[in-house]
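The structure's right below; bear with me while I get my questions together.
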Amino acid sequence: MATDTLDNRTGTGVAPGLRRLLLDNGALSALVVLVAALALLSGDFLTTQNLLNVGVQAAVTAILAFGVTFVIVSAGIDLSVGSVAALSATVLAWSATSEGVPVWLAVLLAVATGIACGLVNGVLVSYGKLPPFIATLAMLSVGRGLSLVISQGSPIAFPGSVSHLGDTLGGWLPVPVLVMIAAGLLTALVLSRTYTGRSMYAIGGNEEAARLSGLRVKRQKLVIYALSGLFAAVAGIVLASRLASAQPQAAQGYELDAIAAVVIGGASLSGGVGKASGTLIGALILAVLRNGLNLLSVSAFWQQVVIGVVIALAVLLDTLRRKSDVTPGATGGAAGAGRKGPGARKLAVAAVCLAAVIGAGYLLNPGSSGSGTTKLGMSLSTLNNPFFVQMKAGAQAEAKAEGIDLTVTDAQNDASQQANQIENFTSSGMKSIIVNPVDSDAVGPAVRGANKADVPVIAADRGVNKAETATLVASDNAAGGRLAARTLAEKLGGKGRIVVLQGTAGTSVSRERGAGFTEGLKAYPGIEVVASQPADFDRTKGLDVMTNLLQSHPDVTGVFAENDEMALGAVKALGGRAGSAVAVVGFDGTPDAIKAVGAGSLYASVAQQPGELGRIAVRNAVLAIRGKKPDSAVKVPVKVVTRENAAAFS
């Protein structure tokens with residue numbers, strides 16, 4: 001006893017107290033390590049504006065994760081929160097704008113939608129005896145589908161009075177951060193001060209023991225999943241407010257980030273362990289990682305690798321701490337000595353993590369800071385498409401020729417992630433920003449932030465709505481759609497039954513190409529569109545969707561795909577019929593498509609010359625940086641590639 005008391009006394013003080021705090025909280029240690037590393041690697045990281053960016057970018061994930069914390073503490077899982085968030089925001093926007101419902105009532109409907117989805121999950125788990133994974137996976141699909149049905153696949157403008165949730169107070173304090181803090185305090189209160197919170201820990205610790213002790217487990221699970229749905233609805237409203245529109249495809253994959261934040265924060269997937277502060281730290285780790293990697297100009301592909309590795313290290317550090325805490329030791333002085341060993345090991349692990357992050361930063365981004373070169377940022381909607389890979393290559397070639405330091409990021413078709421990237425570019429001293437919008441409306445608020453900072457923005461391939469751009473460098477997607485319609489109709493002699501493969505629902509490029517194609521077909525009344533189905537600009541999905549459509553429409557004579565990847569999938573599904581009995585027309589003019597055109601399996605592709613588009617975008621950004629005013633719009637001509645001229649394009 002005396003020795004223990006002496007040990008405790010010698011451990012008092014500010015420095016030992018801080019050391020003990022860090023050692024007892026693996027996630028907090030990891031966060032401190034990351035912040036220290038990024039502060040060393042980037043002079044832009046610790047600026048006030050960038051730290052506020054981190055808070056805003058963590059807000060939606062944190063709010064979702066607070067709701068998921070209730071479920072994980074009770075030994076459940078909720079995979080539906082991302083879809084429920086999108087559905088709730090869509091209900092709010094649709095009811096307030098399309099149906100004329102008062103905004104306050106629309107907000108209540110959105111919140112009620114989230115709670116209802118959570119209750120359905122609870123009923124399926126508690127009374128339907130479905131595993132939580134299966135029940136919430138089903139809700140993930142249902143919620144996303146209902147969001148698309150209500151919105152018809154298009155973004156819906158958000159009510160202005162609610163959009164203030166995405167603004168700032170006093171011109172500097174972001175409202176999403178305040179909502180995140182309020183949600184965190186509410187979570188902590190529920191977990192620590194309420195009967196429901198204690199029930200969560202009891203159910204997660206041992207559900208059968210909780211039931212035998214008189215706890216109404218089924219009823220409590222309804223409350224738990226309803227709370228998760230409530231927080232998902234709030235997160236969806238905050239996200240839509242930031243984007244000034246409800247995106248039916250918003251928050252895709254956010255459920256995985258939310259679960260990761262909870263687990264990084266120290267919760268156990270087995271249940272019974274978890275707290276609000278840990279979840280907040282987990283969400284901040286994810287936000288700091290993404291923000292810092294953007295500032296360090298780390299490749300979009302390497303970012304995914306680094307994020308995965310650091311998440312694993314954070315959880316490993318916490319696991320080592322937990323193991324050392326339960327390691328039996330001798331009493332008295334021996335115990336004191338035993339405690340020093342695990343502490344030293346944990347400090348060594350933290351040091352290794354710090355060295356790994358700093359080393360990776362220097363290896364992946366040598367000489368990023370203080371190089372004195374002009375910095376230019378480029379946010380592409382996706383790099384999982386050959387068209388945008390070619391655009392990136394063209395931009396990089398032009399930037400190298402101009403002596404410009406170009407940073408290219410991948411928004412992964414997520415409008416929220418793209419908004420984060422533009423905010424990071426704005427706060428990190430980029431002289432100009434090129435943006436290829438995921439959605440023209442959703443990117444508007446972030447571009448307006450760049451406008452306020454006097455950073456010229458170049459729109460590439462797609463325009464930006466409700467914000468100023470120095471120029472728009474683009475092919476005319478609608479005109480390309482009309483050209484595709486004419487090409488296919490003339491090949492079919494003005495008569496035939498055709499299938500349309502649509503891109504990702506809700507994206508402006510899919511809407512524009514589809515609208516242009518539909519308009520172009522009006523001149524050919526003998527052409528009948530027998531089916532239109534989305535295949536998400538993906539070759540594999542194009543193959544699957546076309547295979548399914550051929551079962552009900554085996555007599556089709558033509559296919560229009562809104563990009564070449566889906567067109568090549570359709571060619572694979574058609575087999576020997578492609579190019580002989582069925583004419584397939586794609587869009588983009590990618591190398592694989594041009595080869596297929598030359599071989600005769602793909603009839604035509606509307607080529608956009610993406611490499612040239614990227615070069616011209618950088619050229620105009622350089623003009624804007626040098627104080628010269630570029631043309632308000634630069635049109636890159638589109639051309640139809642057929643077998644006759646394919647050799648010239650290849």
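Among the hydroxyl-bearing types (Ser, Thr, Tyr) and part of a helix (DSSP H, G or I): is that true of SER532 in this structure?
no
Criterion first (open to solvent by 10 Å² or more (accessible area, probe 1.4 Å) and over 22 Å from SER199 (Cβ atoms)) does THR61 satisfy it?
It is true that THR61 is open to solvent by 10 Å² or more (accessible area, probe 1.4 Å) and over 22 Å from SER199 (Cβ atoms).
Which one is nearest to LYS495 (Cα to Cα) among residues in region 532-548 that are surrounded by fewer than 18 Cβ atoms within 10 Å (Cβ to Cβ) and touching a helix residue (DSSP H, G or I) at 6+ places or on another chain (Cβ under 6 Å)?
GLN533
Residues being out of contact with any strand residue (DSSP E or B) (no Cβ under 6 Å at 6 or more places or on another chain) and either at pLDDT 90 or above or open to solvent by less than 100 Å² (accessible area, probe 1.4 Å) (or both): count how many of those fall in region 635-645.
Final tally of qualifying residues: 5.
Search region 429-451 for residues being more than 24 Å from ALA246 (Cα to Cα) and surrounded by fewer than 24 Cβ atoms within 10 Å (Cβ to Cβ), and hand back the single one that is modelled with the highest pLDDT.
LYS431
Every residue, every condition in (1) part of a strand (DSSP E or B); (2) at positive phi; (3) at pLDDT 90 or above, yes or no:
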residue: ASP592; (1), (2), (3): no, no, yes
residue: VAL597; (1), (2), (3): no, no, yes
residue: VAL606; (1), (2), (3): yes, no, yes
residue: LEU613; (1), (2), (3): no, no, yes
residue: LYS629; (1), (2), (3): no, no, no
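Kindly list the number of the only condition in (1) free of Cβ contacts under 8 Å to residues at least 60 places away in the same chain; (2) open to solvent by 10 Å² or more (accessible area, probe 1.4 Å); (3) in contact with a helix residue (DSSP H, G or I) (Cβ under 7 Å, 6 or more places away or on another chain); (4) assigned to a helix (DSSP H, G or I) that fails for TRP104.
Only one criterion is unmet by TRP104, namely (3).
Any residue at all in region 500-523 that's assigned to a loop (DSSP other than H, G, I, E, B) and open to solvent by 40 Å² or more (accessible area, probe 1.4 Å)?
Within region 500-523, one or more residues are assigned to a loop (DSSP other than H, G, I, E, B) and open to solvent by 40 Å² or more (accessible area, probe 1.4 Å).
Return yes or no: is PRO159 modelled with pLDDT of 95 or more, surrounded by 13 or more Cβ atoms within 10 Å (Cβ to Cβ) and in contact with a helix residue (DSSP H, G or I) (Cβ under 7 Å, 6 or more places away or on another chain)?
no
Something else: Could you tell me which numbered condition ALA485 fails, if it satisfies all but one of (1) modelled with pLDDT of 95 or more; (2) touching a strand residue (DSSP E or B) at 6+ places or on another chain (Cβ under 7 Å); (3) open to solvent by less than 20 Å² (accessible area, probe 1.4 Å)?
(2)
Within region 64-76, can you find the residues that are crowded, with 24+ Cβ neighbours inside 10 Å and outside any helix (DSSP H, G or I)?
Matches in region 64-76: SER74, GLY76.
At negative phi, in contact with a Ser or Thr (Cβ under 6 Å, 6 or more places away or on another chain) and surrounded by fewer than 20 Cβ atoms within 10 Å (Cβ to Cβ), is that true of ALA459?
Here the answer is no, as ALA459 does not meet what is asked.
Now, a different point. Quick one: SER95 ticks every box in (1) open to solvent by less than 40 Å² (accessible area, probe 1.4 Å); (2) part of a helix (DSSP H, G or I); (3) in contact with a Gly (Cβ under 6 Å, 6 or more places away or on another chain) except a single one, so which number is it?
Here SER95 clears every test but (3).
Can ALA401 be described as touching a Lys or Arg at 6+ places or on another chain (Cβ under 8 Å), of a type outside the set (Phe, Trp, Tyr) and either part of a helix (DSSP H, G or I) or modelled with pLDDT of 95 or more (or both)?
no
While we're here: In the list LYS495, LYS466, which residue meets the criterion of being surrounded by fewer than 22 Cβ atoms within 10 Å (Cβ to Cβ) and farther than 26 Å from LEU574 by Cα?
When all the criteria are applied, what remains is LYS466.
Then there's this: Got a number for residues in region 121-141 being in contact (Cβ under 8 Å) with a residue 60 or more places away in the chain, part of a helix (DSSP H, G or I) and open to solvent by 40 Å² or more (accessible area, probe 1.4 Å)?
2
Rundown of residues vs (1) under 19 Å from GLY481 (Cβ atoms); (2) surrounded by 14 or more Cβ atoms within 10 Å (Cβ to Cβ), yes/no style:
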position: PRO554; (1), (2): no, no
position: GLY579; (1), (2): no, yes
position: ALA596; (1), (2): no, yes
position: ALA599; (1), (2): no, no
position: ILE625; (1), (2): no, yes
position: ALA633; (1), (2): yes, no
position: ALA647; (1), (2): no, no
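The values are calculated or read from the model by the stated rules, or taken from the named source; none is laboratory data. Just so we're clear, the structure is a prediction, and the values are computed from it rather than from any experiment. Every residue, glycine as well, gets a Cβ built from its backbone with ideal geometry; the counts of neighbours run over all protein chains shown. For accessibility, only protein heavy atoms count, side chains too; no ligands or nucleic acids. Shrake-Rupley method; radii C 1.70, N 1.55, O 1.52, S 1.80 Å.
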